[in-house]
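Participant: What follows is a structure written as structure tokens; I'll ask about it next.
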Amino acid sequence: MDTRFTGVIPPVITPFTAEGGLDLDSLEAVVDRLITAGVHALFALGSSGEVAYLTDAQRDAVIERTVAAAAGRVPVLAGAIDTTSQRVIEQARRAVGLGAEAVVATCPFYAKNDAQEIAEHFRAIAAAVEAPLFAYDVPVRLGGVKLECDMLVELGRQGVLAGVKDSSGDDVGFRRLVAANEAAGHPLALLTGHECVVDGMLLLGADGVVPGYGNVDPHRYALLWQASREGDWARARQIQDEICAGFEIVFVPRGRSADATGIGAFKTVMEAQGTIASNRMAFPVRALDGRVKDGILAIATAQGLI
């Protein structure tokens, strides 16, 4: 297992200006704040980075500025999220060329591939790119496709995959993956994206966490990780409870799109924290405002986040 890609690895949000363009100065501020808070790596162009909404040129600009802002202090992983293998390979090669130290890719989507074809998809990416490859398991964005445990571990054993970013929300499935990975000699770094049960996931054997909410409260995730390394599970539970109290912000914008409720809530607090200049979302997602924004900021204020 490559230990460079363990610990707290926030999926960095992509800030936009009030006019809708990339706000790379705010992005640099986000990166610096996360690193100062004690995170161990950064994941650019994930779901929290609104990768699906960005043009190729915008994706390149985000990676380039993230790598420059990190300045070697922590590794940068980059999402190469696209519909089919050749398109992913093209994205991945550009990301590595811009300084990303690892690539994160989903299975194909829109295209309807079976398990064997998905395995060949990951093999093709790994063969084409000279960087560690992580499989991104996120069924909610992939038409319900869940990456198979045995396939992932076998690809890890073969050296195709360096790890898995699990955002399936399937805790039983993740536990099975941890057990199978251990039985195979732990070839994969297993990262949970289940940000409200990180204490439990670390206790059962996760190698790290990729929390979207870590953009808002990175310091507590760093403290949670440290408590887990020290085996202080009571302290880890306490910190996790504090995190969950703040995470209530995502339940305020009921009835809005999934991106607006999660990423939109994160950006709204980050704007109030002064980290980003605007809570603008990628078009056509509408930024949160009015009573919803007030409700989010009330929770954030009560939890000491602003």
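The values are calculated or read from the model by the stated rules, or taken from the named source; none is laboratory data. The structure presented is a predicted model; accordingly, all values stated were derived computationally and were not measured. Cβ placement follows ideal geometry from the backbone for every residue including glycine, while neighbour counts extend to all protein chains displayed. Remember, those area values only see protein heavy atoms, side chains included, never the ligands or the DNA or RNA. Shrake-Rupley method; radii C 1.70, N 1.55, O 1.52, S 1.80 Å.
Participant: Quick test for you: out of 43, 5, pick the one residue that is aromatic (Phe, Trp, Tyr), out of contact with any Asp or Glu (no Cβ under 7 Å at 6 or more places or on another chain) and within 23 Å of residue 265 (Cβ to Cβ). Walk me through it before giving the result.
Facilitator: Working: 5 fails: within 23 Å of residue 265 (Cβ to Cβ).
Just one listed residue meets the conditions, 43.
Participant: Looking at the stretch 1-44, which of its residues are in a helix (DSSP H, G or I), out of contact with any Leu (no Cβ under 7 Å at 6 or more places or on another chain) and within 27 Å of residue 202 (Cα to Cα)?
Facilitator: Taking the stretch 1-44 first, the residues in a helix (DSSP H, G or I) are 3-5, 24-37.
Retained after the next criterion (residues that are out of contact with any Leu (no Cβ under 7 Å at 6 or more places or on another chain)): 3-4, 24-30, 32-33, 35-37.
Across the stretch 1-44, the qualifying residues are 3, 4, 30, 32, 33, 35, 36, 37.
Participant: Of the numbered conditions (1) of a type outside the set (A, V, I, L, M, F, W, C); (2) in a loop (DSSP other than H, G, I, E, B); (3) out of contact with any Leu (no Cβ under 7 Å at 6 or more places or on another chain), residue 271 satisfies every one except a single condition; which is it?
Facilitator: (2)
Participant: Quick one: count up the residues across the stretch 119-150 that are assigned to a helix (DSSP H, G or I) and in contact with a strand residue (DSSP E or B) (Cβ under 9 Å, 6 or more places away or on another chain). Break it down stepwise before answering.
Facilitator: Filtering the stretch 119-150 down to residues assigned to a helix (DSSP H, G or I) leaves 119-128, 139-141, 149-150.
In the following step, the residues that additionally are in contact with a strand residue (DSSP E or B) (Cβ under 9 Å, 6 or more places away or on another chain) were identified as 121-122, 125-126.
Residues in the stretch 119-150 being assigned to a helix (DSSP H, G or I) and in contact with a strand residue (DSSP E or B) (Cβ under 9 Å, 6 or more places away or on another chain): 4 in total.
Participant: Across the stretch 103-139, what is the total count of residues that are farther than 20 Å from residue 210 by Cβ and in contact with a Gly (Cβ under 6 Å, 6 or more places away or on another chain)?
Facilitator: The total comes to 0.
Participant: Continuing with the same structure: Given the criterion modelled with pLDDT of 95 or more and open to solvent by less than 10 Å² (accessible area, probe 1.4 Å), identify the matching residue among 260, 298, 302, 265.
Facilitator: On inspection, the qualifying residue turns out to be 265.
Participant: Pick from the stretch 68-95 the residues that are in a helix (DSSP H, G or I) and open to solvent by less than 40 Å² (accessible area, probe 1.4 Å): which of them is farthest from residue 43 (Cα to Cα)?
Facilitator: Here is the first cut: in the stretch 68-95, the ones in a helix (DSSP H, G or I) are 68-70, 85-95.
Applying the additional criterion that residues be open to solvent by less than 40 Å² (accessible area, probe 1.4 Å) yields 69-70, 85, 88-89, 91-92, 95.
Values: 69: 13, 70: 11, 85: 21, 88: 16, 89: 18, 91: 15, 92: 13, 95: 12 Å.
The residue in question is 85.
Participant: Of all residues in the stretch 185-199, count the ones that are free of Cβ contacts under 8 Å to residues at least 40 places away in the same chain and either within 14 Å of the chain's Cα centre (by Cα) or surrounded by 15 or more Cβ atoms within 10 Å (Cβ to Cβ) (or both). First the steps, then the outcome.
Facilitator: Kept after step one, since they are free of Cβ contacts under 8 Å to residues at least 40 places away in the same chain, are these residues of the stretch 185-199: 185, 190, 192, 194.
Those left that are additionally either within 14 Å of the chain's Cα centre (by Cα) or surrounded by 15 or more Cβ atoms within 10 Å (Cβ to Cβ) (or both): 190, 192, 194.
Selection size over the stretch 185-199: 3.
Participant: Further, regarding this structure: Being in contact with a Gly (Cβ under 8 Å, 6 or more places away or on another chain) and not hydrophobic (A, V, I, L, M, F, W, C) is the filter; apply it to the stretch 140-167 and report the residue that is surrounded by the most Cβ atoms within 10 Å (Cβ to Cβ).
Facilitator: 165
So that you can scan it fast, the table gives a plain yes or no per residue for (1) surrounded by fewer than 24 Cβ atoms within 10 Å (Cβ to Cβ); (2) assigned to a loop (DSSP other than H, G, I, E, B); (3) without any contact (Cβ under 8 Å) to a residue 60 or more places away in the chain:
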| site | (1), (2), (3) |
| --- | --- |
| 219 | yes, no, no |
| 228 | yes, no, yes |
| 235 | yes, no, yes |
| 246 | yes, no, yes |
| 255 | yes, yes, yes |
| 276 | no, yes, no |
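Participant: What about residue 177, is it part of a helix (DSSP H, G or I), open to solvent by less than 50 Å² (accessible area, probe 1.4 Å) and over 20 Å from residue 113 (Cα atoms)? Steps first, answer last, please.
Facilitator: Working: part of a helix (DSSP H, G or I): yes; open to solvent by less than 50 Å² (accessible area, probe 1.4 Å): yes; over 20 Å from residue 113 (Cα atoms): yes.
Yes; evaluated as a whole, the condition is true for this residue.
Participant: Just give me the residues in the stretch 103-117 being surrounded by fewer than 24 Cβ atoms within 10 Å (Cβ to Cβ) and within 21 Å of residue 141 (Cβ to Cβ), in sequence order. Spell out the reasoning first.
Facilitator: So in the stretch 103-117, the residues surrounded by fewer than 24 Cβ atoms within 10 Å (Cβ to Cβ) come out as 108-117.
Result: 108, 109, 110, 111, 112, 113, 114, 115, 117.
Participant: Restricting the first residue to the stretch 80-97 and requiring it to be farther than 15 Å from residue 127 by Cα, which pairs with a second residue that is hydroxyl-bearing (Ser, Thr, Tyr) and open to solvent by 40 Å² or more (accessible area, probe 1.4 Å) meet a Cβ separation below 9 Å and a spacing of at least six or different chains?
Facilitator: From the stretch 80-97, the pairs are 83/110; 84/110.
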